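Participant: Just passing along the structure, written as structure tokens.
The values are calculated or read from the model by the stated rules, or taken from the named source; none is laboratory data. All values derive from a computational prediction rather than experimental measurement. For accessibility, only protein heavy atoms count, side chains too; no ligands or nucleic acids. Shrake-Rupley method; radii C 1.70, N 1.55, O 1.52, S 1.80 Å.
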Amino acid sequence: MDDLAAKKCVPCNSKDLRSMNEELANELITKVPDWNLVNEGDKLKLTRSWKVKTFTKGLEFFQAIANVAEAEGHHPDLHLVGWNNVTVEIWTHSAGGLTENDFILAAKIDTLDLAHLLRIKPK
Ligand SMILES: C[C@H](O)[C@H](O)[C@H]1CNC2=NC(N)=NC(=O)C2=N1
């Protein structure tokens, strides 16, 4: 399975875009091991959480992700809770579940250098 981060998302309005089954999702999640595969009432999603240094750095974090999403035409759900807790959820709304687009977006987000925005976990 080639490098997901090097791939391009396909338009979500293509008629043959179908959500994948859990078996394939369990295979693909190994390519983005820092993400969680969650099943929310039979809808599969990818999620990942971070702690940011400040509320405004959380917004910078969102902007960096938004730039990737806009370039791909594929968008995550962004949550900033309790001023410094960021959670990103990714799924394909038009397919009602997961498609390869979601894993591509997650892999591209993982290539971003956002360490300067994050609270370093105490060892
Ligand atoms: C026309 C365009 O492809 C759609 O509106 C896109 C925009 N971004 C999207 N992002 C996600 N995550 N799911 C979608 O179904 C979706 N649809």
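Participant: Going down the table (LYS15/LYS57; LYS43/LYS108; LYS15/LYS51), which pairs top 28 Å between alpha carbons?
Facilitator: Working: LYS15/LYS57 38 Å; LYS43/LYS108 22 Å; LYS15/LYS51 38 Å.
Violating the 28 Å limit, Cα to Cα: LYS15/LYS57; LYS15/LYS51.
Participant: Here's a follow-up. Calculate what fraction, in whole %, of the accessible area of region 19-117 sits on carbon and sulfur atoms when a 1.4 Å probe is rolled over the protein chains.
Facilitator: 50
Participant: Determine by what factor the alpha-carbon radius of gyration of region 1-52 differs from 2.2 N^0.38 Å, reporting the quotient.
Facilitator: Numbers: Rg = 12.8 Å, N = 52, 2.2 N^0.38 = 9.9 Å.
My calculation over the Cα atoms of region 1-52 gives 1.29.
Participant: Accessible area per residue, 1.4 Å probe, Å², for region 19-117: what's the number?
Facilitator: Numbers: 4780 Å² over 99 residues.
Accessible surface, normalised per residue, equals 48 Å².
Participant: Based solely on its DSSP helices, what 222 nm [θ] is calculated for the chain when runs of n ≥ 4 H residues each add -39,500 (n - 2.57) and the sum is averaged over all residues, nearest 500 deg cm²/dmol?
Facilitator: Values: 3 runs with 36 residues, N = 123.
One gets -9000 deg cm²/dmol as the mean residue ellipticity at 222 nm.
Participant: Shifting gears a bit: Using 0.36 nm times the number of residues separating ARG119 and ASN84, minus their current alpha carbon distance, what extension gain do you get? Mind showing how you got there, number by number?
Facilitator: On the way: separation 35, 0.36 × 35 = 12.60 nm, distance 0.88 nm.
Extending this stretch completely gives an extra 11.7 nm.
Participant: Check HIS74: other-chain or 5+ apart residues with amide H under 5 Å from its amide H, H built from backbone geometry?
Facilitator: For HIS74, whose amide H was placed from the backbone, there are no distant partners under 5 Å.
Participant: Can you work out the base-10 log of I(q)/I(0) for region 19-117 at q = 0.18, 0.20 1/Å, using the Debye formula on its C-alpha atoms alone?
Facilitator: Listed by q, the Debye log ratios stand at -0.81, -0.98.
Participant: What aspartates and glutamates does LYS7 reach when the alpha-carbon gap must be under 13 Å and sequence neighbours fewer than 8 apart in one chain are set aside?
Facilitator: In chain and number order, the partners are GLU72, GLU100, ASP102.
Participant: In degrees from 0 to 90, rounded to the nearest 10, what is the angle of the helix 55-72 Cα long axis to the longest principal axis of the chain?
Facilitator: 30
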